[in-house]
Amino acid sequence: MMVNLDLKLTCAIARSTHLLGDKWSLLILRDILLHKKSRFKEFMESKEKIATNILTNRIKSLIDADLIVLLDRNSTKKSRQYIATQKGISTLPIILELYMFSIKDINESVLNDQQIQIKKQIISNSENFINSKRIDYMAFKEDLLSKVIEHK
């Protein structure tokens, strides 16, 4: 798949939208990076209510695009966890830009206290927010990796 993609999409924007252009891929990456979700069941619990077949397909495409990886290939179907690769982590500024694009149009009366606090943090200093989320995710990822190593 990736060889074909390399040959056909020579425009960087076309390539990026091919990899990230559907809402489900971006929402899965959001859940992994910002909400520290790693399991299929956790992705299913997101408020957007993705169908299981779509989630399965998007996880496969994110793995194929080297945006996420299966944490432990020997895990059972129920215990599988997915983590972002460096390439996946590099989508954090893109996800934040999409947030910034729309947040001004969302009436604060529909946001909960946590969402309002996040909005204030991002608007006041988006670079700080991105850096802190990147650091938080890397610590979370290291913790997951160490648990896998402990169990082997």
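Here are a few things to note about the model shown:
- Only a single item in (1) assigned to a helix (DSSP H, G or I); (2) on the phi > 0 side of the Ramachandran plot is not met by Asp66, and it is number (1).
- Residue within segment 65-75 that is surrounded by fewer than 13 Cβ atoms within 10 Å (Cβ to Cβ) and either modelled with pLDDT under 85 or of a type outside the set (Ser, Thr, Tyr) (or both) present: yes
- All of Leu29, Leu62 fail the test of being at pLDDT 95 or above and more than 23 Å from Phe129 (Cα to Cα), apart from Leu62.
- Taken over segment 32-59, residues that are assigned to a loop (DSSP other than H, G, I, E, B), under 17 Å from Lys133 (Cα atoms) and of a type outside the set (Gly, Ala, Ser) amount to 2.
- For segment 76-88, a residue qualifies if it is surrounded by 19 or more Cβ atoms within 10 Å (Cβ to Cβ) and part of a helix (DSSP H, G or I), and exactly one does: Gly88.
- Answer residue from segment 107-127, given it is touching a helix residue (DSSP H, G or I) at 6+ places or on another chain (Cβ under 8 Å) and either more than 17 Å from Leu92 (Cα to Cα) or at pLDDT 95 or above (or both) and is surrounded by the fewest Cβ atoms within 10 Å (Cβ to Cβ) among those: Glu108
- Qualifying residue in segment 49-65 (condition: among the polar types (S, T, N, Q) and either closer than 23 Å to Met138 by Cα or in contact with a Leu (Cβ under 6 Å, 6 or more places away or on another chain) (or both)): yes
The values are calculated or read from the model by the stated rules, or taken from the named source; none is laboratory data. Computed from a prediction, not measured in an experiment: that's the story for all the values here. All Cβ positions, even for glycine, are placed from backbone atoms using ideal geometry, and neighbour counts span all protein chains on display.
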